[in-house]
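Taking it in order: structure first as structure tokens, then the write-up.
The values are calculated or read from the model by the stated rules, or taken from the named source; none is laboratory data. Keep in mind the model is a prediction, meaning the values are calculated, not measured. Counting neighbours? That spans all protein chains shown, and the Cβs are built from the backbone with ideal geometry, glycine included.
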Amino acid sequence: MTQPNEDSDFSGDYEDLLNRILEDPATSYWLRAALKALETRDPMDMEHDAYTLAFVARKRAELLQCHAVARLQQNDGAPGST
């Protein structure tokens with residue numbers, strides 16, 4: 001699924017946007033379930049939870065990236081590395 005940004009087509013009202021995302025075959029099952037759960041949640045609580053999830057996910061990605069860079073640096077110049 002395309003990431004939302006100013007260049008992607010994430011315009012329209014809530015229901016139109018929701019339906020387009022849910023109908024997109026590239027939308028993950030996890031995201032579909034989360035979007036469907038929106039209907040049962042307080043919108044402000046959901047927005048706070050989504051922000052917190054995005055923040056923690058970004059921190060995890062940064063950590064994994066740092067670990068990957070460290071492994072590459074450890075292998076730099078080691079026998080058998082290219």
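Quick notes on this structure:
- Odd one out for Thr27, checked against (1) at pLDDT 90 or above; (2) surrounded by fewer than 11 Cβ atoms within 10 Å (Cβ to Cβ): (2)
- Residue count for segment 11-53, restricted to those that are outside any helix (DSSP H, G or I) and within 18 Å of the chain's Cα centre (by Cα): 5
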